[in-house]
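Have a look at the structure below before the remarks.
The values are calculated or read from the model by the stated rules, or taken from the named source; none is laboratory data. Model, not experiment: these values are computed from the prediction. Glycine gets a Cβ as well: all are built from the backbone with ideal geometry, and neighbour counts include every protein chain shown. Ligands, DNA and RNA are stripped out before the accessible areas are found, and what is left, the full protein with its side chains, is counted by its heavy atoms. Shrake-Rupley method; radii C 1.70, N 1.55, O 1.52, S 1.80 Å.
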Amino acid sequence: MSHSQSSRTALLWHIGVWALFALVIVVLPYIFTSSSSISMMSQMGVFIIFALSYNMLLGQAGMLSFGHAVYFGLGGFFTLHAIRAVNDEVWQFPLELMPLVGGVGGLAFGIIFGSISTRRAGVTFAMITLGIGSMVESSANMFTDFFGGESGISGNRVTDVTLFGFSYGPSIEVYYLIGAWTVMAAVAMYLLTKTPLGRISNAVRDNPERAQFVGYNTTIARFIQFSLSGFFAGIAGGLFAIMFEIMTAPNVGLVQSGAVLLMTFIGGVGLFFGPIIGAVLVTYMHTALSGFSEGWILYFGLMFVFMVMYAPGGIAGVIYAHAAPWRAGLLWRLLPSYLLVLLPALLAIAGLVAVVEMGYQLSLAYDPSSPIDLFYMQINATSLWSWLVALLGLAVGIAGVLATARVVRARWAGVNRSMQATGAKT
């Protein structure tokens, strides 16, 4: 196959993937029709943009930020002020384009704070962003005209100034507005990775000394990437403001910055689609687990620790690791070992969940002796036998995982040898 033909095939493949992404967004409300599902999918769209914007820093330029929610939150505040101005007939601007107001706000403060923070790299950069995030969050209670104090500011997204005549009162209309912006923003950020700026950012991430030696200004590259990241985070914040019609101080705070770090890292910073996976998974788990358990934050923390220790490439990295065995037709050799490790893993998870939930029942419940519904059973947290069974399941499950993990490693070693042998022959 010639170079032009391979380039054309790659282009068609990318167009097909993005078309499928857009089609999924269009079709999902016809599958999950409840209002809660539509609301959750709208949040997923917002946080996909937010996580991808954060990945522009961490995954593409190697900048670990602890204050990225600043640009997300400020973008949302600017958007709500713009919506209120339209409602007060101070100016005319269509609601469909309101996320651009948030984007410009995020870009403006990205330029201001980026001009300071990007002069340093590594741990120093991370500490500067942490300080900026703390400063902006504390300022929310000082500048009440803009931030609204502790109660925040609210607005009404239903206006007469629209491009397509929709009121955007129904949640389904807001969903499709967010979906359209999600596709456009994701495509734009993906195309940025293919530009010279994207390549230079990768070089600065991998080896800043060599990039500087060949003539690139690493500070300027980080600054531009940082500013553009703030722009897309502001768009996400604007969509968040349109959806919830309220912004408060925690939206610019460290908890929100930590949440996007979790999304990006769990999904995988090494591949572009990793943050998309992370945003979808974390949003779903936050919505599902918060109604199931008061210890849902603990589960998030444990998942994050597990990913850091055993899958630093995130979920996307795990998927990508299986691409070569799939192409070589050797993936089937790994499946039996995965099934073997699955049973003890499920047993360990069940034991852990039982221990955590019984612990919360004893410490927080008004009547700790009342049974809790878990795994289609009623468990008494004050019973010694319940604790013994849970701890035994946890211990046996962990031991089983450690034992069967050897089988998984052996199968992977065999698959790698087979692929090397095949590669040597070809």
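Treating only the Cβ of Lys, Arg, Asp and Glu as charged (+1, +1, -1, -1), what charge dipole size does the chain show about its Cα centre? Round to the nearest 20 debye.
Values: 17 positive and 15 negative charges, 470 e Å.
So the dipole magnitude of the chain works out to roughly 2260 debye.
With an 8 Å cut-off on Cα pairs and a minimum separation of 6 or more residues, tell me the relative contact order of region 271-426 in percent. Don't jump to the answer; show the numbers that get you there.
Values: 113 pairs, mean separation 39.4, N = 156.
Reported relative contact order: 25 percent.
When all C-alpha to C-alpha distances in region 221-285 are sorted into bins of 5 Å, what percent of pairs does each bin hold, rounded to whole numbers?
Reading upward from the zero bin: 4, 15, 17, 29, 23, 9, 3, 0.
Given a 1.4 Å probe and every protein chain left where it sits, what share in percent of the accessible area of region 1-108 is carbon and sulfur?
Details: 3350 of 4750 Å².
Here it works out to 71 percent.
From the phi angles alone, apply the Karplus equation (6.51, -1.76, 1.60; θ = phi - 60°) to region 244-256 and give each ³J(HN,Hα) in whole Hz, x where the residue is Gly or Pro.
9, 6, 7, 9, 10, 4, x, 5, 10, x, 6, 5, 5
Please return the longest range in the chain lying between exposed loop sites, taking trypsin sites (Lys or Arg not before Pro), DSSP loop only, at most 13 other beta-carbon atoms within 10 Å, and leaving the sites out. Let's see the in-between values first.
Values: sites that count: 119, 194.
Answer from the scan: 195-426.
Expressed as a rounded percentage, what relative contact order does the chain have, with Cα pairs under 8 Å and six or more residues apart?
Relative CO of the chain lands at 22 percent.
Send over a whole-number figure in Å² for the accessible area per residue of region 323-422, probe 1.4 Å. Could you put the intermediate results ahead of the total?
Working: 6480 Å² over 100 residues.
Per-residue accessible area for region 323-422 comes out at 65 Å².
Skip the ligands, DNA and RNA, and give the accessible area per residue of region 185-284 with a 1.4 Å probe, whole Å².
Numbers: 3920 Å² over 100 residues.
I get 39 Å² per residue for this part.
Step through the residues of region 315-324 one at a time and calculate ³J(HN,Hα) from phi using the Karplus curve (6.51 cos²θ - 1.76 cosθ + 1.60, θ = phi - 60°), rounding each to whole Hz and writing x for Gly and Pro.
Per residue, the Karplus-derived 3J(HN,Hα) values read 4, 4, x, 5, 4, 5, 5, 8, 5, 5 Hz.
Which ³J(HN,Hα) values in Hz, rounded to whole numbers, follow from the phi angles of region 139-151 under the Karplus curve 6.51 cos²θ - 1.76 cosθ + 1.60, where θ = phi - 60° and Gly and Pro get x?
6, 5, 8, 9, 9, 6, 5, 8, 8, x, x, 5, 7
Hey, what did region 349-426 get for relative contact order, percent, Cα under 8 Å, at least 6 apart? Please list the in-between numbers first.
Values: 48 pairs, mean separation 23.1, N = 78.
Once divided by the residue count of region 349-426, the mean separation gives 30 percent.
At what distance in angstrom do the alpha carbon centres of region 81-145 and region 350-406 lie from each other?
44 Å
Give the ranking of 389, 396 by solvent-accessible surface, highest area first, calculated with a 1.4 Å probe. Each step should come with its number before you reach the end.
Numbers: 389 100, 396 75 Å².
Accessible-area ranking of 389, 396, largest first: 389, 396.
Calculate, axis by axis, the spread of Cα positions in the chain along the three principal axes, and write the results as whole Å, longest axis first.
Computed over the Cα atoms, the extents are 70, 67, 46 Å.
Would you mind working out the magnitude of the charge dipole of region 323-422 relative to its Cα centre, with +1 at each Lys and Arg C-beta and -1 at each Asp and Glu C-beta, to the nearest 20 Debye?
On the way: 6 positive and 3 negative charges, 189 e Å.
Here region 323-422 has a charge dipole of around 900 debye.
Using amide H atoms built in the peptide plane, which far-off residues or other-chain residues are under 5 Å from residue 166 H to H?
none
For region 323-422, restrict the atom set to alpha-carbon positions and state the Rg and Dmax in Å.
For region 323-422, the Cα radius of gyration and maximum Cα-Cα distance read 19.5, 64 Å.
Could you work out the Kirkwood radius for region 32-258, taking every pair of different alpha carbons, averaging 1/r and inverting it, reported in Å?
Taking the inverse mean of 1/r over all distinct Cα pairs, region 32-258 comes out at 17.8 Å.
Measuring with a 1.4 Å probe in the full set of protein chains, what accessible area per residue, in whole Å², belongs to region 1-77? Working shown, then result.
On the way: 3410 Å² over 77 residues.
Using a 1.4 Å probe on heavy atoms only, each residue of region 1-77 averages 44 Å².
Picking from 186, 345, 259, which is most flexible by a Gaussian network model of the chain using Cα springs under 10 Å?
Maximum fluctuation in the GNM of the chain, among the listed residues, is at 345.
What residues qualify as long-range amide H neighbours of residue 374, i.e. H under 5 Å apart, gap of 5 or more or another chain, H built at 1.01 Å from N?
Amide H neighbours of residue 374, under 5 Å, 5+ apart: 379.
Mind grabbing the accessible area of residue 79 for me, 1.4 Å probe, Å², rounded to tens?
Taking all protein chains as shown, residue 79 has close to 0 Å².
Taking amide H positions as placed in the peptide plane 1.01 Å from N, state which residues far from residue 153 in sequence (5 or more) or on other chains have amide H under 5 Å from it.
Here 247 satisfy the definition.
If ligands, DNA and RNA are left out, what is the accessible area of residue 184 with a 1.4 Å probe, given in Å² to the nearest 10?
Counting only protein heavy atoms, the figure is 110 Å².
Determine how large the accessible area of residue 27 is when every protein chain is in place; take a 1.4 Å probe and give Å² rounded to the nearest 10.
Residue 27 has an accessible surface of roughly 60 Å² with all protein chains in place.
Considering the dipole of region 323-422 built from charges on the beta carbon (Lys and Arg +1, Asp and Glu -1) around the Cα centre, which of 354, 380, 421 is farthest to its positive end?
The Cα lying farthest towards the positive end belongs to 421.
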